[in-house]
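Colleague: Questions regarding the structure given below will be posed in turn.
No lab work stands behind these numbers, since they all come straight from the coordinates. Not measured: the values here are computed from a predicted model. Heads up, the Cβs are rebuilt from the backbone with ideal geometry, glycines too, and the neighbour counts pull from every protein chain shown.
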Amino acid sequence: GWFYHQGEDDRVKSPQELVDLYYRSVGRNCVLLLNIPPDRTGRFHANDVHALREARSILDETFSDDLAAGAAVEATGSWSRHRKFSPQNLVDGSYESYWAAPAGGPQSTIELILPGIRTFDRILLQEPIRLGQRVASFKIEALVRNRWQEVARGTTIGHKRILRLSPVSSDRIRVTLEESRGPPALSTVALYRASPREPGRPEPPGP
């Protein structure tokens, strides 16, 4: 309900519920509006503060170590073949740099060759949203026991898309941009292992 009510102090969402909300909002190219009301002293209630701090701690633990860092990246091509649009920009840790596909080409494919076998269950994709939202369909595969296996697929990426999946161990990841509105561009492909304190559920069905 609106405003603070003492009778609702024990109905505060758990840190795990807040983390799940984060994935279903921020992780799906949206914003998360928490609407935390102050109590009658003008402060946030201790139950709210605890839940928020714990949720932040869980997310920090999950996203502290990008397992794709140091990967070599190959792509079907890049815009004008200029290093400004190099596929290596996808793993440089910067949202400002990006890879852009050639104009008028077929499906665009990006392959990450990791330094070794990595086990992950979170995949983060980002488009350089200042150029617009272009990707309309994508799939992600991992090389497991010398065979490519599809581990995730979706439609919208936008500013940020985080996919939850069951743990995968691989040293090669392939992202195929199947449909796009104009030449597609990506700024980030990152891999993470969820904190043991996370809900642990795979990606719910949806676009």
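Colleague: Mean projection of the alpha-carbon convex hull of region 29-94 over all orientations, in nm²?
Modeller: In nm², the orientation-averaged hull projection of region 29-94 is 7.3.
Colleague: Past the 12 angstrom mark, what percentage of all C-alpha to C-alpha distances in region 89-129 do you count?
Modeller: Tail fraction, whole percent: 72.
Colleague: With N set to the residue count of region 1-41, report its C-alpha Rg divided by 2.2 N^0.38 Å to two decimal places.
Modeller: After normalising by residue count via 2.2 N^0.38 Å, the value is 1.36.
Colleague: Does anyone have the angle between helix 46-62 and the longest principal axis of the chain? Alpha-carbon axes, 0 to 90°, nearest 10?
Modeller: Taking the Cα atoms of the chain, the angle to 46-62 is about 20 degrees.
Colleague: List the residues, sorted by chain then number, that are 5 or more residues from D171 or on another chain and whose placed amide H is less than 5 Å from its amide H.
Modeller: Excluding prolines and chain starts, which carry no amide H, the hits are R118, L143.
Colleague: Over region 1-77, what is the relative contact order in percent, taking alpha-carbon pairs closer than 8 angstrom and at least six residues apart?
Modeller: The normalised contact order for region 1-77 reaches 36 percent.
Colleague: So for region 88-207, what are the equivalent ellipsoid semi-axes in whole Å, largest first, each being the square root of 5 times an eigenvalue of the Cα gyration tensor?
Modeller: In descending order the semi-axes read 23, 16, 14 Å.
Colleague: Next question, about the same structure. Excluding Y4 itself, what net charge comes from residues whose Cβ is under 11 Å from its Cβ, given Lys and Arg +1 and Asp and Glu -1?
Modeller: So the surrounding residues net to -2.
Colleague: Could you sort 14-20, 123-129, 183-189 so that the peptide with the highest average Cβ count within 10 Å comes first and the rest follow in order?
Modeller: My ranking of the peptides, most packed first, is 183-189, 123-129, 14-20.
Colleague: Could you pull out every residue, at least 5 positions away or on a different chain, whose amide H is within less than 5 Å of the one on R28? Hs are placed 1.01 Å off N in the peptide plane, and Pro or chain starts have none.
Modeller: Under 5 Å from the amide H of R28: I162.
Colleague: For a distance above 27 Å, tell me the whole-number percent of Cα pairs in region 10-135 that qualify.
Modeller: Pairs farther apart than 27 Å: 39 percent.
Colleague: Quick one: angle between helix 15-25 and the longest Cα principal axis of the chain, in degrees between 0 and 90, rounded to 10, please.
Modeller: Taking the Cα atoms of the chain, the angle to 15-25 is about 50 degrees.
Colleague: Now for a different question. Taking a cut-off of 18 Å between Cα atoms, list the lysines near K84, but don't count ones fewer than 8 places away on the same chain.
Modeller: Within the straight-line cut-off, K84 pairs with nothing.
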